[in-house]
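Trainee: Dumping the structure here so I can ask a few things about it.
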Amino acid sequence: MMLGISQPIFMPWIGYFAFLDKIDKLIFLDDVQFEKRSWQQRNNIKLNNQKHLLTISVKSKGKFKQKISEVEIIDGNNMELIKKKIFHAYNKSPYFLDYYENICKILDKNHNYLSALNIELIKFFIKTLNIKVNLDYSSNYSLNLNKEKLIFEICKLNNCDQYLTTIGSENYLKEYLVIPGTNTKISYFKYDDVEYSQIKNDFIPKLSILDLLFNEGANSIKILQKGFKLI
């Protein structure tokens, strides 16, 4: 079994789903510390032919050590603004009507917590892309560990053959070829941007999966698979 571990990201970028398409099981890191102004609460779309951040407003004042699962979404018009931005950005895209209503239904559910919203959106995109991956949560393991120690213990508990992670993780894992005390191989991947059809001119890479789906529809999975590279 190939295992992956990731924080629950808001409207993840295309490479995230290329990664999910390669692994057998994903562990959501839902009980690690929240990082303000990170991909946990925002991501990029193409609006007016420019890269534009969609950001979920959350309660963070005085909550410096809160876990991702504890982060609350601020009530108000932020969700309506996000829906309007998505509409104005993509309403002329060829596959806009195929997905917009279902995405809005998720955004309209008035989720109290950011991780719950992010995970429901990720599940929707997984189903839409027909990706086969099992999902689990780090909070189910009740581990009070940090960084590589947390990763190693999750891998041990899942008895996986291979742990797949981004090339950036090599910064703190490079001294390991396998998970200590196991036969679990550590593998790295990168995602090379693959150009696809976008509305208006000038291709912009590294956007939310929204951009690919609205522009390429059912062909999206083939496009994202092209950019995946094992290191």
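Trainee: Given the conditions (1) open to solvent by 50 Å² or more (accessible area, probe 1.4 Å); (2) closer than 30 Å to residue 183 by Cβ; (3) at pLDDT below 95, and given that residue 22 satisfies all but one, which numbered condition is not satisfied?
Mentor: Going through the list (1) open to solvent by 50 Å² or more (accessible area, probe 1.4 Å); (2) closer than 30 Å to residue 183 by Cβ; (3) at pLDDT below 95, residue 22 breaks only (3).
Trainee: Could you run through the range 122-154 and say how many residues are open to solvent by 20 Å² or more (accessible area, probe 1.4 Å), at pLDDT 90 or above and aliphatic (A, V, I, L, M)?
Mentor: Count: 2.
Trainee: For the range 164-196: of the residues being touching a Ser or Thr at 6+ places or on another chain (Cβ under 9 Å) and more than 20 Å from residue 126 (Cα to Cα), which is most open to solvent (accessible area, probe 1.4 Å)?
Mentor: 178
Trainee: Just checking, does the range 98-117 include any residue being over 27 Å from residue 45 (Cα atoms), crowded, with 18+ Cβ neighbours inside 10 Å and either at pLDDT below 95 or in contact with a strand residue (DSSP E or B) (Cβ under 7 Å, 6 or more places away or on another chain) (or both)?
Mentor: no
Trainee: Within the range 33-54, can you find the residues that are touching a residue at least 40 places away in the same chain (Cβ under 8 Å) and in a strand (DSSP E or B)?
Mentor: Residues satisfying the conditions are 43, 44, 45, 46, 47, 50, 51, 54.
The values are calculated or read from the model by the stated rules, or taken from the named source; none is laboratory data. Computed from a prediction, not measured in an experiment: that's the story for all the values here. Note that each Cβ is placed from the backbone with ideal geometry, even for glycine, and that neighbours are counted across all protein chains shown. All accessible areas refer to the heavy atoms of the entire protein, side chains included, with ligands and DNA or RNA removed. Shrake-Rupley method; radii C 1.70, N 1.55, O 1.52, S 1.80 Å.
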